Amino acid sequence: MLLGVNIDHVATLRNARGDKDPNVSAAAIICEMAGADGITTHLREDRRHIKDSDVYELKKILKTRLNLEMAVTEEMQKIALELLPENCCLVPEKRAELTTEGGLDVCAQIEKITKFVQPLNKAGIIVSLFIDPDLKQIDAAKKTGAAFIELHTGSFSEAFGTVDEQVEFDKLKNAARYAQSIGLKVNAGHGLTYENVHRMKEIPELVELNIGHNIVAKALFVGLENAVRQMKDLIK
Ligand code: PXP
């Protein structure tokens with residue numbers, strides 16, 4: 001299984017005091033050296049962590065892949081078509097949320113998302129839709145022409161260690177199997193931790209996990225390179 005490291009919260013820390021330290025590009029290089037298969041960043045509408053200059057710089061220096069998470073807006077489509085990241089993950093976005101809550105409702109906006117995906121596909125960007133493990137959303141995702149879905153693991157992560165863990169895990173497992181059977185490739189992410197990530201190895205369809213907050217949090221204690229290496233070892 002591949003590991004995409006989300007470095008948004010390196011930028012969160014930087015933005016707390018001006019715009020210098022810690023350096024986002026340096027963090028990305030360390031993640032790559034430690035075995036990250038790609039670097040993920042979410043350019044939010046309010047630019048609360050990653051900024052435009054970060055993604056342009058990352059695109060220049062990365063040796064792996066840049067996965068740009070973004071909302072389905074005209075502004076973001078324009079940036080993606082200019083920047084040409086290797087991957088784009090379309091996510092829902094609400095201004096007041098602390099982090100991405102829930103998956104994209106593809107069923108409710110299938111025409112809009114299909115039109116949005118087309119030029120990205122044409123430009124050679126591999127598009128993924130961040131959705132809940134719900135078979136109707138998977139069918140809708142397939143119709144949009146996106147090559148990948150990313151399954152939202154937030155409910156599983158919250159349920160981990162409780163009586164609901166297996167129910168939430170089974171939703172992910174069934175969703176991944178179904179998505180692959182209809183020709184979609186499957187990633188997963190959100191809320192995954194060093195404690196719960198081992199369960200993702202029970203889902204053979206998963207191509208890549210995108211993990212951010214828990215890696216950056218661990219990096220404060222063990223360093224970023226060790227934090228990435230430890231996560232890589234867990235998902236091998
Ligand atoms: N995948 C997607 C689509 C996300 O929006 C996020 C959070 O930005 C992540 C993965 C990573 O989540 P976390 O920071 O909880 O590991």
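Descriptive notes on the structure:
- Here r is the Cβ-Cβ distance between Ile110 and Val167 and R0 is 30 Å; the resulting FRET efficiency, rounded to 0.05, is 0.60.
- Using the Cβ of Ile110 as centre and a radius below 13 Å, the other residues enclosed give a net charge of +2, where K and R count +1 and D and E count -1.
- Its relative contact order, with pairs defined as Cα atoms under 8 Å and 6+ residues apart, puts the chain at 20 percent.
- Fraction of alpha-carbon pairs over 11 Å apart in the range 197-236 - percent: 64 percent
- Given charges at beta-carbon only (K, R positive; D, E negative), |dipole| of the range 18-172 in Debye: 680 debye
- Given the chain, longest segment not containing exposed loop GluC sites (Glu not before Pro) (DSSP; at most 14 other Cβ within 10 Å): 102-194
- Compared with the direct C-alpha span, the chain from Asn23 to Arg48 gains 7.4 nm at full extension, assuming 0.36 nm per residue.
- For Lys51, Lys185, Lys60, the ranking by accessible surface with the largest value first comes to Lys60, Lys185, Lys51, using a 1.4 Å probe.
- Scattering from the range 126-236 was approximated by placing one identical point on each alpha carbon and applying the Debye formula without solvent; log10 I(q)/I(0) at 0.20 1/Å stands at -1.01.
- The length gained on full extension between Lys94 and Lys143, counted as 0.36 nm times the residue separation minus their Cα-Cα distance, comes to 15.2 nm.
- A full extension of the chain between Glu101 and Asp233 corresponds to an added length of 44.7 nm, given 0.36 nm per residue minus the alpha carbon distance.
- Distance violations [Cα-Cα > 24 Å] among Lys63/Lys94; Lys78/Lys218; Lys115/Lys232; Lys59/Lys122; Lys122/Lys232: Lys63/Lys94; Lys78/Lys218; Lys115/Lys232; Lys122/Lys232
The values are calculated or read from the model by the stated rules, or taken from the named source; none is laboratory data. Quick caveat: nothing in here was measured; it's all calculated off a predicted structure. Positions of Cβ are generated from backbone atoms using ideal geometry, with glycine treated the same way; all protein chains shown enter the neighbour counts. Note: areas computed on protein heavy atoms with side chains; ligands, DNA, RNA excluded. Shrake-Rupley method; radii C 1.70, N 1.55, O 1.52, S 1.80 Å.
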